[in-house]
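A quick write-up on the structure given underneath.
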Amino acid sequence: MRESAPLLDVVGVSMRFGGIVALKDVSFSLAPEKICGLIGPNGAGKTTLFNCLSRLYDVSEGSITFAGTSLLGLHRHDIARLGIARTFQNVALFNEMSVLENVMVGAHGLGRAGFVAAALRRRAERDEEKLILARAESLIEEFGLNAIAHRAVGQLPFGTRKRVEMARALAMNPRLLLLDEPAAGLNHEEVEGLIAEIRAIRDRRKVAVLLVEHHMNLVMRVSDQVVALNFGRVIADGTPAHVQADAQVLKAYLGDEAA
Amino acid sequence: MSAIAGIKPQAASVPQRKFGRAPAFAAALIAGILLAFNASGYHLFQYAQVLIYMIALIGLNLLTGFNGSISLGHGAFFAIGGYGAAILMAHLGVAWWLTLPIMAFICFGAGFGFGMPALRLEGLYLALATFALAITMPGILNYKHFDAYTGGTSGLQVDKPKVPLHLPLNQDQWLFLCCLAAAMLMLFIAQNLVASRVGRAMVALRDHPIAAQTMGVNSAMVKATCFGVAALYAGVAGALDAALVGFVAPDSYSVFLSLSLLVGMVVGGLGSLWGMLAGAIFIEFVPNLADSFSDMFGESAKALPWAVYGVFLIAILLLAPHGIAGAVQRVVAFVRGLMAKASPNLTPELPAISAGNQPAEQNHRTTQGS
């Protein structure tokens, strides 16, 4: 039984690309302020599911509800304002912009001013701009990026760019944070740091986290709930201990890694 | 993801809001006023043309340098601005200065309307769609059944603006100063745009469209509006040009105009707004320079001017791969580096003079005094 009303409710979602079935009748839900790991072998449909949540793909069947609102009628650019933020598998930053500007784009939804207000620099626009700058600066402070705030992100090392992307994702104070392979490319110590960081973000910001990750140690230690996918289907859903012991999961995924 | 493969925008990052732009504008205005009272009428005409090109180039750069969409048809909007203004002046008796906002408005609509569907295309396909616009325009202006309005192939004559209020200026000076004011205003507006939320959205869409949309940027809207703004700039430039020249004809708005604008933007520096002054100077003077250069080879060298133009263009792209603005930036950085080496104490982070203390002290004194 669920403890509280779910924040995210995915019901019967299928996704087909031509003849290929990427997701098949996927259902699960995520409670507020919980951390959920999404695991599965390569090609299981994890990133496809993320892209459905971001409205980058139109699902073929099923429904996705976030805090009582159906996502399927919305545009891509409506998702951020609703309270869903994400990072990308290979880091998708605006490379020619500075760290600060990247985070400011993350706070885009805090403002409403359009071209005319910006051209004439109306008072409302200037006030918004101050708000956006203040938000970005506080995140930059929080993530210890002060020293490089004005450097173009394209020149920064991979680990740093991942931190910038995380700061950018949090700029709208989301209620759900989607992390696509946050540990990829990180070394052992950095992964330890990331575990602490994800927990800290959840505790401080009261945000639910859905993360796709291959790093089993990280997923099992950080998650409250784990959903396992294989060939586009959910094969297990429960606590880390429960999923780890699941026969199907062991067979499909952990079999050669569990030891 | 720049629309033009291989050409990387130079000053591509969105500039931060600074209060430091006043000196540059003041210097430009002073230089302009000095020019107005010292250059000959013909030269002033050329300089006014430079400023007009600068306006069109700023618009094109907002579109290409900042938003990453390419337009090979910017000349078409320049033509709409020019012909629209000429028709308003010649047939409807509208004051020349009033044609500027009117044509700005109309060209924004035309650009937005064209951009909304066309911007579904990307890269080379968008280039071709806009190129089609550039090719079509002279034909439309020539079209027989519009002759009554457009004057057909012979074009349309308009009265050049007169100097108002008995100002102590001649017509060339007056027109040049009007172009100067317009160029500075349009530059100021472009700077405001670029350093705003929509400006960041434009650059974000260029660098990573999917990520930008995920951050809440409405791609279709921002891109089409940006196309409209670029057309608006071209329209204002075209309308000013009609008033300056006092004449419009289909020949002035051939495909070559669109290509020239593209050349001017790249030479000036993608993503640099002040750089568009350099680009405009290139468009205005290098063809003439190439002409006089090839004259040295006598009558036999008929096609030589274009060869010389090409050589100039290649030379600039080799010497300044990020445009003239990029080259200037590099020189400035180099000189700064030298100065920092020469006097290590002169670090950029000078301790701020405790500005907060001074008024406090003064207050203290005045309270004591009273």
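The values are calculated or read from the model by the stated rules, or taken from the named source; none is laboratory data. All values reported here derive from a predicted model rather than from experimental measurement. Note that we place each Cβ from the backbone using ideal geometry, even for glycine, and neighbour counts take in every protein chain shown.
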**OP:** Those residues that are within 22 Å of A:Pro32 (Cβ to Cβ) and buried (at least 19 other Cβ atoms within 10 Å of the Cβ), I need them from the stretch A:168-190; list them, please.
**Re:** A:Ala169, A:Leu170, A:Ala171, A:Met172, A:Pro174, A:Arg175, A:Leu176, A:Leu177, A:Leu178, A:Leu179, A:Asp180, A:Pro182
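If I ask for residues that are in a strand (DSSP E or B) and either touching a residue at least 40 places away in the same chain (Cβ under 8 Å) or surrounded by 14 or more Cβ atoms within 10 Å (Cβ to Cβ) (or both), which ones from the stretch A:64-82 would you list? It would help to see each step written out before you state the result.
We begin by selecting, within the stretch A:64-82, every residue in a strand (DSSP E or B); these are A:64-66, A:69-70.
Correct list: A:Ile64, A:Thr65, A:Phe66.
Scan the stretch B:176-191 and tell me whether some residue there is among the β-branched types (Val, Ile, Thr), within 14 Å of chain A (Cβ to nearest Cβ), over 23 Å from B:Gly235 (Cβ atoms) and assigned to a helix (DSSP H, G or I). Spell out the reasoning first.
From the stretch B:176-191, those among the β-branched types (Val, Ile, Thr) are B:189; that's our starting set.
Then keep just the ones that are within 14 Å of chain A (Cβ to nearest Cβ); that gives B:189.
If we keep only those that are over 23 Å from B:Gly235 (Cβ atoms) as well, we get none.
No, every residue in the stretch B:176-191 fails to be among the β-branched types (Val, Ile, Thr), within 14 Å of chain A (Cβ to nearest Cβ), over 23 Å from B:Gly235 (Cβ atoms) and assigned to a helix (DSSP H, G or I).
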**OP:** Report, ordered by the first and then the second residue, all pairs with beta carbons closer than 9 Å, sequence separation of six or more or different chains, a first member in the stretch B:63-75 that is assigned to a loop (DSSP other than H, G, I, E, B), and a second member that is surrounded by 24 or more Cβ atoms within 10 Å (Cβ to Cβ) and among the aromatic types (Phe, Trp, Tyr).
**Re:** B:Asn67/B:Phe227; B:Ser69/B:Phe227; B:Ser71/B:Phe77; B:Ser71/B:Phe227
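Taking into account only those residues within the stretch A:137-157 that are in contact (Cβ under 8 Å) with a residue 24 or more places away in the chain and in a helix (DSSP H, G or I), which is farthest from the other protein chains (Cβ to nearest Cβ)?
So, considering only residues that are in contact (Cβ under 8 Å) with a residue 24 or more places away in the chain and in a helix (DSSP H, G or I), the one farthest from the other protein chains (Cβ to nearest Cβ) is A:Glu142.
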**OP:** Scan (1) modelled with pLDDT under 85; (2) surrounded by 13 or more Cβ atoms within 10 Å (Cβ to Cβ); (3) within 19 Å of B:Ala181 (Cα to Cα) for the single condition B:Phe37 breaks and write down its number.
**Re:** (2)
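Yes/no per residue for (1) crowded, with 16+ Cβ neighbours inside 10 Å; (2) touching a Leu at 6+ places or on another chain (Cβ under 8 Å); (3) over 25 Å from A:Leu170 (Cα atoms):
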{"residue": "A:Ala208", "(1), (2), (3)": "yes, yes, no"}
{"residue": "A:Val219", "(1), (2), (3)": "yes, yes, no"}
{"residue": "A:Asp224", "(1), (2), (3)": "yes, no, no"}
{"residue": "A:Val234", "(1), (2), (3)": "yes, no, yes"}
{"residue": "A:Asp237", "(1), (2), (3)": "yes, no, yes"}
Subject >> Any pair with Cβ under 7 angstrom, 6 or more apart, that starts in the stretch A:99-112 at a residue that is within 8 Å of chain B (Cβ to nearest Cβ) and ends at one that is in a loop (DSSP other than H, G, I, E, B) and modelled with pLDDT under 90 >> reply: A:Glu101/B:Ser13; A:Glu101/B:Val14
**OP:** Determine which single condition A:Val26 fails, assuming it passes every other condition in (1) over 25 Å from B:Pro209 (Cβ atoms); (2) in contact (Cβ under 8 Å) with a residue 60 or more places away in the chain; (3) not polar (S, T, N, Q); (4) not in a strand (DSSP E or B).
**Re:** (4)
Subject >> Every residue from the stretch A:2-48 that is in contact with a Gly (Cβ under 8 Å, 6 or more places away or on another chain), among the β-branched types (Val, Ile, Thr) and buried (at least 22 other Cβ atoms within 10 Å of the Cβ) >> reply: A:Val10, A:Val13, A:Val26
Original post:
Which of the residues belonging to the stretch B:212-247 are facing another protein chain (nearest Cβ under 9 Å), in a helix (DSSP H, G or I) and of a type outside the set (A, V, I, L, M, F, W, C)?
Top reply: B:Gln213, B:Thr214, B:Ser219, B:Thr225, B:Gly228
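So that you can scan it fast, the table gives a plain yes or no per residue for (1) aliphatic (A, V, I, L, M); (2) in a helix (DSSP H, G or I); (3) in contact (Cβ under 8 Å) with a residue 40 or more places away in the chain:
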| residue | (1), (2), (3) |
| --- | --- |
| B:Met265 | yes, yes, yes |
| B:Gly279 | no, yes, yes |
| B:Pro305 | no, yes, no |
| B:Gly310 | no, yes, no |
| B:Ala315 | yes, yes, no |
| B:Pro321 | no, no, no |
| B:Ile324 | yes, yes, yes |
**OP:** Considering each residue of the stretch B:229-259, count those that are small (Gly, Ala, Ser) and either out of contact with any helix residue (DSSP H, G or I) (no Cβ under 8 Å at 6 or more places or on another chain) or surrounded by fewer than 24 Cβ atoms within 10 Å (Cβ to Cβ) (or both), and give that number.
**Re:** 4
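Of everything in the stretch A:83-117 that's of a type in the set (D, E, K, R) and either in a loop (DSSP other than H, G, I, E, B) or in contact with a Cys (Cβ under 9 Å, 6 or more places away or on another chain) (or both), which residue is farthest from A:Ala147 (Cα to Cα)?
A:Arg112
Mind checking which residues of the stretch A:86-98 are within 18 Å of the chain's Cα centre (by Cα) and within 8 Å of chain B (Cβ to nearest Cβ)?
If we filter the stretch A:86-98 for residues that are within 18 Å of the chain's Cα centre (by Cα), which is where we start, we get A:86-94.
Once the filter is applied, which keeps residues that are within 18 Å of the chain's Cα centre (by Cα) and within 8 Å of chain B (Cβ to nearest Cβ), the stretch A:86-98 yields A:Arg86, A:Phe88, A:Ala92, A:Leu93, A:Phe94.
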**OP:** Given the conditions (1) surrounded by fewer than 14 Cβ atoms within 10 Å (Cβ to Cβ); (2) of a type in the set (Asp, Glu); (3) modelled with pLDDT of 85 or more, report the number of the one that B:Asp295 does not fulfil.
**Re:** (3)
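Which of the residues belonging to the stretch B:200-211 are of a type outside the set (Lys, Arg) and facing another protein chain (nearest Cβ under 7 Å)?
Step one: list which residues in the stretch B:200-211 are of a type outside the set (Lys, Arg), which gives B:201-205, B:207-211.
Result: B:Ala201, B:Val203, B:Ala204, B:Asp207, B:His208, B:Ile210, B:Ala211.
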Original post:
Which ones in the stretch A:113-124 are at the interface with chain B (Cβ under 7 Å from one of its Cβ atoms) and either loosely packed, with under 15 Cβ neighbours inside 10 Å or in contact with a Gly (Cβ under 8 Å, 6 or more places away or on another chain) (or both)?
Top reply: A:Ala118
**OP:** Please list, ordered by first then second residue, the pairs with beta carbon atoms under 9 Å, 6 or more apart or interchain, first in the stretch B:185-200 and under 21 Å from A:Glu96 (Cβ atoms) and without any contact (Cβ under 8 Å) to a residue 12 or more places away in the chain, second among the β-branched types (Val, Ile, Thr) and crowded, with 22+ Cβ neighbours inside 10 Å.
**Re:** B:Ser196/B:Val14; B:Arg197/A:Val105; B:Arg197/A:Ile132
**OP:** Of the conditions (1) within 19 Å of the chain's Cα centre (by Cα); (2) surrounded by fewer than 21 Cβ atoms within 10 Å (Cβ to Cβ), B:Ser154 clears all except one; give me its number.
**Re:** (1)
Subject >> Qualifying residues in the stretch B:80-103 (those that are closer than 13 Å to B:Lys160 by Cα and free of Cβ contacts under 8 Å to residues at least 60 places away in the same chain) - the one surrounded by the most Cβ atoms within 10 Å (Cβ to Cβ) >> reply: B:Val94
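Looking at A:Glu61, A:Glu101, can you tell me which residue is more than 15 Å from the chain's Cα centre (by Cα) and surrounded by fewer than 23 Cβ atoms within 10 Å (Cβ to Cβ)?
Numbers: A:Glu101 fails: surrounded by fewer than 23 Cβ atoms within 10 Å (Cβ to Cβ).
Answer to the check: A:Glu61.
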